[in-house]
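Engineer: Let me give you the structure first, and then I'll get to my questions.
The values are calculated or read from the model by the stated rules, or taken from the named source; none is laboratory data. Keep in mind the model is a prediction, meaning the values are calculated, not measured. A quick note on method: Cβ atoms are made from the backbone with ideal geometry, for glycine too, and the neighbour counts reach across all protein chains shown.
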Amino acid sequence: MLDRPVPLRSYPPTNEDSVAVGIDLARLEHRETGIAVLRGGRLTLLTSAHSDAEILALAAIEEPNVTVAVNAPLTVPRGRCCLDDDCPCRHDPGTRSREIERALLRMRVPILATALIKVLARRGGALALALRRAGCKPLEVYPYATLRLLGLPTQGKRTDFGRRRIHQALQPLVPGLDHPEATEHQLDAVVCALTADLWRQGLATTVGAEDEGLMVIPDTAAIAKARVLPMVAESRALYHPSGTESHTSEPPQDQGTRVGG
Ligand SMILES: [Zn+2]
């Protein structure tokens, strides 16, 4: 264990003042929203919230160096004024998804079209507006895509075993993460915050279209170049000893949290 690779945090040095907030937004206020806060790359808060007011209060938006990442669609497909099925702005086919979703599908990362998760998308749009009004430009993220692009386990979030496996895989990447009892929404919030932190470090990129909406995902090439890969590789090796985990055999119902919450 003395020969452990240099941890992710060392490449490049993390700004100690930086705050990265992850929000795994639930469709409805009475369902659990996970919230994680990283300060200087270190997890300092992992909790759950319900109302929009509660979420905004926990999101540290008053801090000057905060980046907030939300797991929910924050924009609507180009040309649409809303996501209502009976509005004239709907012209099927072609107005259900955004370029974000089409790009992820081309990368073989399953995701539902925005119009298929309209309740979550409406709440996401409203939260994004509230964050912008507070002077904070939110990032749209998708924990399933982040985990998958980093080569970390994605399956079994609904079971104790699955959650602990993801928790353990995240630990080398998220100092301060020692929450084996974390809920699936809290784990997703950690992944959202990690994605925001990668973005701050120049280790993330976007998919989508500027005039429609962008999603932040890990930049695997930049991560490899920054030599953070040894740490990611260590996480992978713990969980995929053969290195041959098939991502294509995953059942559709296990495709992230945008379906459940
Ligand atoms: Zn409309």
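Engineer: Using beta carbons and a limit of 6 Å, which pairs, at least six apart or on different chains, have the first residue in the range 68-89 and within 19 Å of Arg132 (Cα to Cα) and the second one among the β-branched types (Val, Ile, Thr) and within 15 Å of the ligand (Cβ to nearest atom)?
Structural biologist: Going by the 6 Å Cβ cut-off, the qualifying pairs are Pro73/Thr114.
Conditions (1) surrounded by 23 or more Cβ atoms within 10 Å (Cβ to Cβ); (2) at pLDDT 90 or above, marked per residue:
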residue	(1), (2)
Arg27	no, yes
Pro64	no, no
Leu74	yes, yes
Pro110	no, yes
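Engineer: Restricting attention to the range 57-68, does a residue exist that is within 13 Å of the ligand (Cβ to nearest atom) and in contact with a helix residue (DSSP H, G or I) (Cβ under 6 Å, 6 or more places away or on another chain)?
Structural biologist: no
Engineer: Considering only residues that are outside any helix (DSSP H, G or I) and touching a residue at least 40 places away in the same chain (Cβ under 8 Å), look in the range 39-55 and name the one that is surrounded by the fewest Cβ atoms within 10 Å (Cβ to Cβ).
Structural biologist: Thr44
Engineer: Would you mention how many residues in the range 69-91 are in contact with a strand residue (DSSP E or B) (Cβ under 6 Å, 6 or more places away or on another chain) and within 16 Å of the ligand (Cβ to nearest atom)?
Structural biologist: Here the count works out to 1.
Engineer: Identify all residues within the range 133-172 that are of a type in the set (Gly, Ala, Ser) and more than 16 Å from the chain's Cα centre (by Cα); write none if there are none.
Structural biologist: Ala134, Gly135, Gly156, Gly162 - these are the residues of the range 133-172 that are of a type in the set (Gly, Ala, Ser) and more than 16 Å from the chain's Cα centre (by Cα).
Engineer: When the range 155-171 is examined, which residues are found to be crowded, with 20+ Cβ neighbours inside 10 Å and not in a helix (DSSP H, G or I)?
Structural biologist: Lys157, the sole residue that qualifies.
Engineer: Among residues belonging to the range 173-229 that are among the polar types (S, T, N, Q) and out of contact with any strand residue (DSSP E or B) (no Cβ under 7 Å at 6 or more places or on another chain), point out the one that is surrounded by the most Cβ atoms within 10 Å (Cβ to Cβ).
Structural biologist: Step by step, filter the range 173-229, then rank; the result is Gln201.
Engineer: For the range 56-154, please list each of the helices (runs of 4 or more DSSP H) lying entirely inside it that holds at least 2 residues being under 20 Å from Thr33 (Cβ atoms).
Structural biologist: 118-133, 143-149
Engineer: From the list Ile100, Ile117, exactly one residue is in contact (Cβ under 8 Å) with a residue 60 or more places away in the chain, in contact with a Gly (Cβ under 7 Å, 6 or more places away or on another chain) and not small (Gly, Ala, Ser). Which is it?
Structural biologist: Ile100
Engineer: Looking at (1) more than 17 Å from His185 (Cα to Cα); (2) charged (D, E, K, R); (3) at pLDDT 95 or above, can you tell me which one Arg90 breaks?
Structural biologist: That leaves (3) as the condition not met.
Engineer: I'd like the residue in the range 93-107 that is modelled with pLDDT of 95 or more and basic (Lys, Arg) and, out of all such residues, is farthest from the ligand (Cβ to nearest atom).
Structural biologist: Filtering first and then ranking leaves Arg106.
Engineer: Could you list, ordered by first residue, the pairs with Cβ atoms under 7 Å in which the first is in the range 133-159 and in contact (Cβ under 8 Å) with a residue 60 or more places away in the chain and farther than 30 Å from Pro64 by Cβ and the second is among the small types (Gly, Ala, Ser) and assigned to a loop (DSSP other than H, G, I, E, B), at least 6 apart or interchain?
Structural biologist: Tyr144/Gly256
Engineer: Please enumerate the residues belonging to the range 166-197 that are small (Gly, Ala, Ser), more than 18 Å from Thr44 (Cβ to Cβ) and out of contact with any helix residue (DSSP H, G or I) (no Cβ under 6 Å at 6 or more places or on another chain).
Structural biologist: Result: no residue meets the conditions.
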